[in-house]
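Engineer: Input: one structure, supplied below.
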Amino acid sequence: MTSLLSLQGVSKRFGGLQALTKVSFDLPEGQILGLIGPNGAGKTTLFNAINGVYPPEEGSILFRGRDVTRFKPYEHARLGMARTHQIVQPLNELTVRENVMVGACFGHENHSLGQAARIADEVLEFVGLAVRSEQLAGSLNVAQKKRLELARALAARPHLLLLDEVLAGLNSSEIDGMVQTVLKIREQGVTILMIEHVMKVVMNVSDRIIVLDYGQQIAEGSPQEIAANQRVIEAYLGDPKLAESLMEEA
Amino acid sequence: MKLWNQYRGLIAPVLVVALLAVWPMLTGKPANRESAFTILKAIALASSLNILLGYTGYVSFGHIVFYGFGGYVGIFLLSGMGWPLWASILAGGLASGLLAFLLGSAILRLRGGYFALATIGVNEAMRAFINKFDLFGGPTGITLNFSVYKAYGGAAQALQTSFYIGAALALLALAISYLVRTSKFGLGLLAIRENEDAAEVMGIAAPWAKTWAYVLSAIVPGMIGVLFFFKNGNVEPGDAFPLHASIELLVMVMLGGQGTVLGPILGAFAYQGMRGYLVTSPVFKDIQLSVSGALLLLIVLFIPAGAIGWLRQRVPLLRRVLA
Amino acid sequence: MQQFNLLLASLPDGILLGFVYGLAAMGLTLIWGVMNVINLAHGPIIALGMFSTFFVYSKLGLNPYLGVVPIALLGLLFGILIYAVAVHRVINAPHLSSLLATFSVNMIIIGLGTAALTTSPYNVDFFAGSLQLGSTTLLGTRLIAAFVTLLFTGGLYFFLYRTRPGKHIRAVANNRAAAELMGIPSTRILALSFGLGTMLAAVSGALIATFFPFNILSGGGYELKSFVIGVLGGLGNPIGALFGGLILGMLEGIIPAFLETSWVPVIEFGLFVAILLVRPNGLFGAKK
Amino acid sequence: MNRKLSILVTFFALASLVLAACAPGSVEAPPVADGSDTEKTVVIGFTSSLTGAQEVSSKRQVNGLTLWMNQVNAAGGIHLSDGTVVKFTAQTYDDESNKERVQELYTRLITEDNADFLISPYSSGLTAAASIIAEQNGKIMITAGAAEDDAYKTGNTSLFQLYTPGSQYLLSTVDMLKTLDPSARVAIVHENDKFSTSVVEGLKPYLESQGFEVVLEEGYASDTTDFGPVINKIVESGATVLLGGGHYPDGSTFARQLYERKAGLKFISLLVAPADSKFPELGEAALGVSTSSQWELSATHTPEEAAALGKEWYGPSGQEFADAYLALTGDKPTYHAAGGYLTGLILQKAIEAADSVDPDKVRAALEALDIFTFYGGIKFDTRAEAHGLQIGHEMVVAQWQRNDAGELVRQVIWPANVATAAPLYPIPMP
């Protein structure tokens, strides 16, 4: 099993704040890696470090065997990395289809406009936004915007998908739909690194889980191992009973 | 039918420019030709600016610097080096494109108001510099000898020829505008306009794309500059880099609707038509500037999307035609 | 040696001039900082300030400095009026809208001003004595103007940091949405800020009128200088604007000692672009 | 879809035609008398700066022209030998001191308003652009307020320059200096623009040929307001005489600061600004400042002068002109006003001489013109390489001095034969 993404001692500092401290892990191809931790633990910062928005000061990042530590976000995208944002970032004045076409056009497969339009229609069908493809992205509601984020990332046909809280703000039926979508994506062979607060889902879909606290990587392992990890329970789950109930659902 | 689908957005713009080009010939009035030239020039400049302003979302307050710089380079080659007009126009366009490339790599890192301020600074610095630059005649500028026009059949014929070239350049500008708007490159620019950070995450090499948008938006103004100063017979620093003309271009793009191919064309048409009317109107000519200002204010306050944007919002069916 | 003498002669004078540059720029930068609007009507407002002094001195026959307070009040009201008419509707729109809205105000003022006042120069023939210090001549009008500028700067500082509306202005500048949540009436605060910015511009114009002949177009040059200063001192930073003004004034005194005077604008604007590139938040702005 | 589209296309086609047609066409051409009538109204077309930087001088020029037109029409026009009575009317637009539309407006004047003769806009740059249109249409353009030489050296055949060319502007001042103080050290400080630079280009070699030492040559940007550093440089250079300036706004600012800073110069000559009647608003700062002037009322030229030179005298006396101008505008005439008046006057003379309004005949008459008016001599260069350049006119030097009543008045101090006062040299220190 080759590792698609590999982090070695990645650290990031903002002024006096140490946002990430020596984070290291390997993400094998085809797996889903869950990233959890309390608010402010540095999860989104880690995403930003991985895809080049804020490159780390120390450590190295290998993606598909290449050192991409100092790459710009668009270079990462060209190599086949796609992400969604915790706070949705739709291109408001463009139509839904155009939004998704951007993803297809500028991803690593570098499609022409015509091909991109076809891919966009497929992907919009897949995430259930096909009927809205001519609407301006700004006019969608939050749940639809979340799906649009996902569709845009998928249209790039990425090797690695970074999902930043795609479930936040969705109701339970929307969550179920989204989880099914994520699983289908994995079936297509896309490797996924996901930040998620909905524990039930993380425990269910992740192959492995990493726990961040104050920028430190405090645990790594299978969902069962994480749920049983004393440090994680103290730092994050807080209530051991809650952890147990989560495990039961898993 | 496929061809129709692909190019229908081009119909209205080309029609406007073609009508403008043909109208003076139909009426046979040189005064109409000169009015049409002023409008065609505005169309070419506004359409070019739109690539940066409308598609990429960068507000340039000094776009006229490319018109002046290209114009100077071209007139220098024409007058000092004896180059023919067509070569000078090309050289002017290339010079402006090169300037945009060098500038773009630097100032396009700035965003919002900072970029707007930087473009003002560049324009003013360039004007002050040309004023000190003896090769381009310093403050006296360059005056063409009438013998230059002899090669083009005398002054009368040269003005006629200039008009055709002006029409051709306006068509070129809108062709570039249309091709950019309907290309993958253009889609990338629109994404940058909407959200530059998100666009980069989606794989758009924003620095590269912005710089090339800047270059594309600078070439035609450079060429128009050469043509205008050739037609005018001389070039001086004050005429080459008028800050207010940059702002007028913004107004035109805004008036018609930024980010559309047709918008700047209609905006240029309406603005120059209005100014032309006000300047020569017996009622308004003393306070024409204030009247223009008041009209502009009303538009900015109440129809901020411009005429085309307004139409597109109201009548979604028109979106396909009003690219 | 000759250059040194020139420097001695020109520098103090340039610094004094820098005070009024700074005052004008303070108005621009206050509006920029609070509401993110670059006020393109800044120049004509400065020119109106100049004409107010002309009116006070030449028509009413009063000491020009008696006009400063009423001019400031009129400037404040005029600014609030401009805000209400032209700016309020586009305050949340993209940059271009507010730029063009203030530019239309610029066109309206200049158009009416030209029709009513022509573009021929007006002159406030007021001479407040001069002070000879070695090779340099310090003009009384400039000394007084520098003093008035310091008063206004101090007043502005006090207002922003010690009074309730001032604190509200800073809160709105910092984060308008949060300020609104805390019950600060943001519309009133924005209008007040625009009024204050306009007031500073008008006062600077009133002071400049005692130095130089002027016409309705004269404000344009100071508007451009205000941009340069705003960037030097950090846009949105009133105290930085004062320092920026002093720096610009100094440059205008220093450059002619070494180069032909006509290089001044080349260097000024070249420097402006350079600083924007290296430190967009200004020399005194917080580094991001 | 197709139907919508075709409607749309039609709409745009119509809209553009309507817009284009109504925008420029609204100003009706003045009625032109038909051939059978014996009265012919000649249209004089020009643009002027109703707005923009050059508004002041431009307006005075227009006032002068208006006065002439009123007079010639009131006198019943020009009677030609074939019985035609020629009267005049003016058609004018605002050029905003801006080159953008000058060609468009002149083309409109010629082709829509049927202007028969053209007067130049104010300033050399605008004139250069307008002259191409005049040339293209074979229309005669008499230029005033366009002193820079280049425009006349471009091979044109239709321009006729009223003013002494820029390169000659300050030569008479140098001649005077030579008699006053041959050892004067001269600083040349001028606005960095087209006109002032062309003046300086003619001035400097002449100064040096006359044995003067030029200790400083410096240009300043057109929008300069603070002349402090420049004045310090002048003082530091040890200059005793300042020649230069530019246009009205900078010149008046410069003069005021020279006074405030006690620059201690013995002689100051500035272009344009001191020639304006508003200049004494500067008060004490105006005292002693001189200028090179195309014409001064106090040294107006006379028929006796013409007779002595053996030239033909034409037109009113300077006093008659001044009285009429005062009656019309409530203002004393400046040389810009005289220039405007003269554009009309020489046209009148040329039409009379040609006994026709045919452009070619009038052109020939203008080329042959060699007359003397209250404004001085007028004769045009007819060589192809400098066609239309003024060669018959000489500048006078005027200086602001106090009269017996203590008022500031502009006295002519050179040439000696027309001088109304002795030069104030050196300028008294406050």
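Engineer: Could you order the peptides B:22-28, B:45-51 from most to least packed, using the average number of other C-beta atoms within 10 Å per residue? Intermediate results must be reported in sequence, preceding the final value.
Structural biologist: Numbers: B:22-28: 14.3, B:45-51: 31.7.
By packing density, highest mean first, the sequence is B:45-51, B:22-28.
Engineer: How much accessible area does D:R402 have with a 1.4 Å probe, in Å² rounded to the nearest 10?
Structural biologist: 100
Engineer: Accessible area of the stretch A:86-158 with a 1.4 Å probe: how many percent of it is carbon plus sulfur?
Structural biologist: On the way: 1360 of 2820 Å².
Carbon with sulfur: 48 percent of the solvent-accessible area.
Engineer: Next question. Which helices pass in chain C if a helix is a full DSSP H run, must span at least 24 angstrom along its long axis by Cα, and must have mean Kyte-Doolittle hydropathy not below 0.0?
Structural biologist: Details: long enough: C:2-35 (47 Å, 1.33); C:95-117 (32 Å, 1.54); C:140-162 (32 Å, 1.20); C:186-208 (33 Å, 1.50); C:238-258 (31 Å, 1.70).
Helices meeting the span and hydropathy rule in chain C are C:2-35, C:95-117, C:140-162, C:186-208, C:238-258.
Engineer: Once the Cα atoms of chain A are picked out, what are the Rg and Dmax in Å?
Structural biologist: For chain A, the Cα radius of gyration and maximum Cα-Cα distance read 17.8, 54 Å.
Engineer: When Cβ neighbours within 10 Å are restricted to other protein chains, what is their mean count per residue of peptide B:26-39? Walk me through the numbers before you get to the answer.
Structural biologist: Details: counts 1, 3, 1, 6, 9, 12, 9, 3, 11, 10, 3, 3, 5, 5.
That average works out to 6.
Engineer: For A:K184, which aspartates and glutamates qualify as cross-link partners when the Cα separation must be under 19 Å and same-chain residues fewer than eight apart are set aside?
Structural biologist: Here the aspartates and glutamates satisfying the reach criterion relative to A:K184 are A:E29, A:D121, A:E122, A:E125, A:E149, A:D164, A:E165, A:E174, A:D176, A:E196, A:D207.
Engineer: Turning to a different aspect of this structure: Starting from 0 in steps of 5 Å, tell me what percent of the Cα-Cα pairs of the stretch D:231-361 lands in each bin.
Structural biologist: Reading the bins upward from 0: 2, 9, 16, 16, 14, 12, 11, 8, 6, 4, 2, 1, 0.
Engineer: Quick one: the Cα spread of the stretch A:86-158 along its three principal axes, in angstroms, biggest first?
Structural biologist: 29, 24, 22 Å, listed from the longest principal axis down.
Engineer: Binned at 5 Å from 0, what are the whole-percent values of the Cα-Cα distance distribution for chain C, short to long?
Structural biologist: Result returned by the calculation: 1, 6, 12, 17, 19, 17, 13, 8, 4, 2, 1, 0, 0.
Engineer: Moving on to the next point. Running Debye on the stretch B:171-323 with equal point scatterers at the Cα sites and no solvent, what base-10 log of I(q)/I(0) appears at q = 0.13 Å⁻¹?
Structural biologist: -0.76
Engineer: Among the listed pairs D:K99/D:K332; B:K150/D:K139; B:K29/D:K379; A:K72/C:K225; B:K132/D:K262; C:K59/D:K262, give every one whose C-alpha distance is greater than 25 Å. Provide the component values of the computation, followed by the final result.
Structural biologist: Working: D:K99/D:K332 30 Å; B:K150/D:K139 18 Å; B:K29/D:K379 35 Å; A:K72/C:K225 37 Å; B:K132/D:K262 30 Å; C:K59/D:K262 28 Å.
Over 25 Å Cα-Cα: D:K99/D:K332; B:K29/D:K379; A:K72/C:K225; B:K132/D:K262; C:K59/D:K262.
Engineer: Over the Cα atoms of the protein assembly as shown, how large are the radius of gyration and the largest Cα-Cα distance (Dmax), in Å?
Structural biologist: When restricted to the Cα atoms of the protein assembly as shown, Rg and Dmax are 35.0, 124 Å.
Engineer: What's the FRET efficiency of D:E320 with D:N73 using the Cβ-Cβ distance as r and R₀ = 22 Å, to the nearest 0.05?
Structural biologist: Working: r = 17 Å, r/R0 = 0.77.
Taking R0 as 22 Å, the efficiency between D:E320 and D:N73 is 0.85.
Engineer: Against the 2.2 N^0.38 Å scaling, with N counting residues, where does chain D land? I'd like the Cα-based Rg ratio to two decimal places.
Structural biologist: Working: Rg = 23.5 Å, N = 430, 2.2 N^0.38 = 22.0 Å.
My calculation over the Cα atoms of chain D gives 1.07.
Engineer: Taking +1 at the Cβ of each Lys and Arg and -1 at the Cβ of each Asp and Glu, which of D:L271, C:P256, C:L81 sits farthest along the dipole of the protein assembly as shown towards its positive end, judged by Cα position relative to the Cα centre?
Structural biologist: The Cα lying farthest towards the positive end belongs to C:L81.
Engineer: Another one. For peptide C:227-237, compute the average count of partner chain beta-carbon atoms within 10 Å of each residue's beta-carbon. Kindly include the intermediate steps, with their values, before the conclusion.
Structural biologist: Values: counts 7, 4, 0, 2, 4, 0, 0, 0, 3, 0, 0.
Rounded to a whole number, the mean comes out at 2.
Engineer: Next question, about the same structure. Among all helices in chain D defined by DSSP H, which have a length of 15 Å or more along the axis from Cα atoms plus a Kyte-Doolittle mean of at least 1.0? Before the final figure, lay out the partial values.
Structural biologist: Working: long enough: D:2-25 (34 Å, 1.37); D:55-74 (28 Å, -0.45); D:124-137 (20 Å, 0.49); D:194-209 (24 Å, -0.15); D:248-260 (18 Å, -0.98); D:318-329 (16 Å, 0.24); D:335-354 (27 Å, 0.54).
The qualifying helices are D:2-25.
Engineer: How long are the semi-axes of the equivalent ellipsoid of the stretch B:2-242, defined as square roots of 5 times the Cα gyration tensor eigenvalues? Whole Å, largest first. List each step's numbers first, then the result.
Structural biologist: On the way: eigenvalues 190, 118, 33 Å².
With the √(5λ) rule applied to the stretch B:2-242, the semi-axes are 31, 24, 13 Å.
Engineer: Also, I was wondering about something else. Run the helix sum for chain C: -39,500 (n - 2.57) per DSSP H stretch of 4+ residues, divided by residue count, reported at 222 nm to the nearest 500 deg cm²/dmol.
Structural biologist: Details: 11 runs with 199 residues, N = 288.
That calculation yields -23500 deg cm²/dmol at 222 nm.
Engineer: Then there's this: Distance cut-off 28 Å, Cα to Cα: go down the list D:K153/D:K233; B:K41/D:K40; A:K22/B:K184; D:K59/D:K361; D:K40/D:K361; D:K178/D:K349 and report the pairs above it. Please list the in-between numbers first.
Structural biologist: Details: D:K153/D:K233 36 Å; B:K41/D:K40 38 Å; A:K22/B:K184 40 Å; D:K59/D:K361 30 Å; D:K40/D:K361 17 Å; D:K178/D:K349 37 Å.
In this structure, D:K153/D:K233; B:K41/D:K40; A:K22/B:K184; D:K59/D:K361; D:K178/D:K349 lie more than 28 Å apart at Cα.
Engineer: Of the peptides D:71-78, D:138-145, C:47-54, B:163-170, how do they stack up when ordered by the mean number of other Cβ atoms within 10 Å, highest first?
Structural biologist: Numbers: D:71-78: 15.0, D:138-145: 24.8, C:47-54: 26.5, B:163-170: 21.8.
Sorting D:71-78, D:138-145, C:47-54, B:163-170 by mean packing, highest first, produces C:47-54, D:138-145, B:163-170, D:71-78.
Engineer: Shape verdict for the stretch A:32-91, please, from the Cα gyration tensor: rounded (a/c under 1.5), prolate (a/b greater than b/c) or oblate. Can you show the working numbers first?
Structural biologist: Numbers: a/c = 1.67, a/b = 1.23, b/c = 1.36.
In terms of gyration-tensor shape, oblate.
Engineer: When each pair of different Cα atoms in the stretch B:125-183 is counted once in the 1/r mean, what is the Kirkwood radius in angstroms, to one decimal? Mind showing how you got there, number by number?
Structural biologist: Values: mean 1/r = 0.0691 Å⁻¹.
One decimal place: 14.5 Å for the Kirkwood radius.
Engineer: At a 1.4 Å probe, which residues in the stretch B:137-157 are at least 20 Å² less accessible with all protein chains present than in their chain isolated?
Structural biologist: B:P139, B:T140, B:T143, B:N145, B:F146, B:A155, B:A156
Engineer: Additional query: Tally up the carbon and sulfur contribution to the accessible surface of chain D as a whole percent, 1.4 Å probe, everything protein left in place.
Structural biologist: Working: 7470 of 14120 Å².
Carbon and sulfur together cover 53 percent of it.
Engineer: Which order, highest average first, do D:112-125, C:19-32, B:149-162, C:100-113 follow once you tally other Cβ atoms within 10 Å for each residue and take the mean per peptide? Let's see the in-between values first.
Structural biologist: Details: D:112-125: 25.9, C:19-32: 30.3, B:149-162: 17.8, C:100-113: 24.0.
Averaged packing, sorted descending, gives the order C:19-32, D:112-125, C:100-113, B:149-162.
Engineer: So for the pair B:F133, D:V85, with labels modelled 7 Å out along Cα→Cβ, what separation do we get in nm?
Structural biologist: Label-label distance for B:F133 and D:V85, simple model: 5.9 nm.
Engineer: Short version: which residues of the stretch D:243-262 lose at least 10 Å² of accessible area, all chains versus chain alone, 1.4 Å probe?
Structural biologist: D:Y248, D:P249, D:S252, D:T253, D:R256, D:Q257, D:Y259, D:E260, D:R261, D:K262
Engineer: Roughly speaking, to the nearest percent, how much of the stretch B:124-172's 1.4 Å accessible area is carbon and sulfur? Before the final figure, lay out the partial values.
Structural biologist: Values: 1190 of 1870 Å².
Within the stretch B:124-172, the accessible surface is 64 percent carbon and sulfur.
Engineer: Enter the accessible area per residue of the stretch A:86-158 (Å², integer; probe 1.4 Å; all protein chains in place).
Structural biologist: Details: 2820 Å² over 73 residues.
Ligands and nucleic acids excluded, the result is 39 Å² per residue.
Engineer: Compute the distribution of all C-alpha to C-alpha distances in the stretch A:48-182, in bins of 5 Å from 0, and list the percent of pairs in each, rounded to whole numbers.
Structural biologist: 2, 11, 20, 22, 19, 13, 8, 4, 1, 0
Engineer: What does the charge add up to near D:H336, with Lys and Arg as +1, Asp and Glu as -1, over the other residues with Cβ less than 13 Å from its Cβ?
Structural biologist: Values: positive: D:K59, D:R60, D:K278, D:K332; negative: D:E55, D:D276, D:E296, D:D331.
Summing Lys and Arg as +1 and Asp and Glu as -1 gives 0.
Engineer: What's the total accessible area buried between chains C and B, using a 1.4 Å probe, rounded to the nearest 100 Å²?
Structural biologist: Working: alone 13630 and 15030 Å², together 25310 Å².
The buried area between C and B, both sides summed, comes to about 3400 Å².
Engineer: Counting helices only, and only those DSSP H runs with n ≥ 4, report the 222 nm mean residue ellipticity of chain A as the sum of -39,500 (n - 2.57) divided by its residues, in deg cm²/dmol to the nearest 500. Present the calculation step by step, with values, prior to reporting the outcome.
Structural biologist: Details: 9 runs with 94 residues, N = 250.
Helix-only estimate at 222 nm: -11000 deg cm²/dmol.
Engineer: I've got another one for you. Sort the stretch D:264-331 into rounded, prolate or oblate with this rule: let a ≥ b ≥ c be the square roots of the eigenvalues of the Cα gyration tensor; rounded if a/c is under 1.5, and if a/c is not under 1.5, prolate when a/b is larger than b/c, oblate otherwise. Numbers along the way, then the final one.
Structural biologist: On the way: a/c = 3.63, a/b = 1.57, b/c = 2.32.
Because a/c hits 1.5 or more and a/b fails to exceed b/c, the stretch D:264-331 counts as oblate.
Engineer: Something else now. What is the spread of the Cα atoms of the stretch D:328-389 along each of their three principal axes, largest first, in whole Å?
Structural biologist: Here the spans come out as 39, 27, 17 Å, largest first.
Engineer: Oh, and also: Enter the mean number of other protein chain beta carbons within 10 Å of the beta carbon of each residue in C:124-130, as an integer.
Structural biologist: Values: counts 1, 8, 1, 6, 1, 1, 3.
Taking the mean over all residues of the peptide, I get 3.
Engineer: Work the Kirkwood hydrodynamic radius out for the stretch A:166-240: mean of 1/r over every pair of different alpha-carbon atoms, inverted, in Å. Display every interim value, and only then the final one.
Structural biologist: Working: mean 1/r = 0.0746 Å⁻¹.
Computed over the stretch A:166-240, the radius equals 13.4 Å.
The values are calculated or read from the model by the stated rules, or taken from the named source; none is laboratory data. Quick caveat: nothing in here was measured; it's all calculated off a predicted structure. Glycine also receives a Cβ, built like all others from the backbone with ideal geometry; neighbour counts cover every protein chain displayed. All accessible areas refer to the heavy atoms of the entire protein, side chains included, with ligands and DNA or RNA removed. Shrake-Rupley method; radii C 1.70, N 1.55, O 1.52, S 1.80 Å.
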